Amino acid sequence: MTTPVSDSQVVLAKFLGSYLFYLAAFMPMLSYPFILERYTHESIAVDIGGVLSLGLGITLFGAFFMALGCFASSLTRSQIVAAMITFAAGTGLYITGYLSDLPTSDPQWWHYVLRHTSMLLHMEDFSTGILDTRHIFLYFSLTGVFLFLTCKSVESRRWK
């Protein structure tokens, strides 16, 4: 609380640190299709557009979850509680993808909300090589919202 840096700089540093670690962990994944193409006995061609689209989807997906984790971390002082909040929220968002696939005879408003927030459907488009700006905007906006909420949560500690 007495550091010469602002709260937003602290939040962005924590987010960028975790996000760069996430990206470093997933960087080798981009080489897997090319290794498969090189060492397989059959002649297969790797769709570079699909690989790059999936890479973009994974990086946006990770940015959202890193921002969600930063927000959960700002709510509590315990690392275990923050990890459990992040895990529960992430699992809940993941499960909504399965709930949106349930067959309904008369779809209600909540069915459409679940389909639009389904992380599975967004990643399905990225994995097939489809770059839909709605998905990109969703991940950018959710990342921004959670970073904003994290800044406000850290700022509120000064007044407690």
Criterion first (in contact with a helix residue (DSSP H, G or I) (Cβ under 9 Å, 6 or more places away or on another chain), β-branched (V, I, T), in a helix (DSSP H, G or I) and at pLDDT 80 or above) does V113 satisfy it? no
Just for the range 30-57: of the residues that are in contact (Cβ under 8 Å) with a residue 24 or more places away in the chain and small (G, A, S), which one is surrounded by the most Cβ atoms within 10 Å (Cβ to Cβ)? G57
Quick one: how many residues across the range 69-81 are open to solvent by less than 30 Å² (accessible area, probe 1.4 Å) and among the basic types (K, R)? 0
Working only within the range 111-160, note down all residues that are within 15 Å of L60 (Cβ to Cβ) and either among the aliphatic types (A, V, I, L, M) or in contact with a strand residue (DSSP E or B) (Cβ under 9 Å, 6 or more places away or on another chain) (or both). M119, L120, L121, M123, I130, L131, I136, L138, L142, V145, L147
Taking the range 82-99 as the search range and keeping residues that are open to solvent by less than 80 Å² (accessible area, probe 1.4 Å) and of a type in the set (S, T, Y), which one is modelled with the highest pLDDT? T86
The one condition F64 fails out of (1) open to solvent by 70 Å² or more (accessible area, probe 1.4 Å); (2) part of a helix (DSSP H, G or I) is (1)
Filter the range 129-160 down to residues that are of a type in the set (K, R) and free of Cβ contacts under 8 Å to residues at least 24 places away in the same chain and give me whichever is most open to solvent (accessible area, probe 1.4 Å). K160
Check on L102, surrounded by fewer than 14 Cβ atoms within 10 Å (Cβ to Cβ), modelled with pLDDT under 90 and either in a helix (DSSP H, G or I) or on the phi < 0 side of the Ramachandran plot (or both): yes
Have a look at Y139, Y98, Y94 and point out the one that is aromatic (F, W, Y) and more than 12 Å from the chain's Cα centre (by Cα). Y98
Listed by first then second residue, the pairs whose first member lies in the range 90-118 and is among the polar types (S, T, N, Q), whose partner is open to solvent by 60 Å² or more (accessible area, probe 1.4 Å), with beta carbons under 7 Å and at least 6 positions apart or on separate chains, are S100/R115
Selection from the range 9-29 of residues open to solvent by 60 Å² or more (accessible area, probe 1.4 Å) and either aliphatic (A, V, I, L, M) or not in a helix (DSSP H, G or I) (or both) yields V10, L12, A13, L16, L20, A24, A25, M27
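The values are calculated or read from the model by the stated rules, or taken from the named source; none is laboratory data. Only a predicted model underlies this, so the values are computations on that prediction, with no experimental measurement involved. Neighbour counts are summed over all protein chains in view; Cβ atoms, including those assigned to glycine, are modelled from backbone coordinates with ideal geometry. Each accessible area value is taken on the protein alone, full model and side chains, heavy atoms only, with ligands, DNA and RNA left out. Shrake-Rupley method; radii C 1.70, N 1.55, O 1.52, S 1.80 Å.
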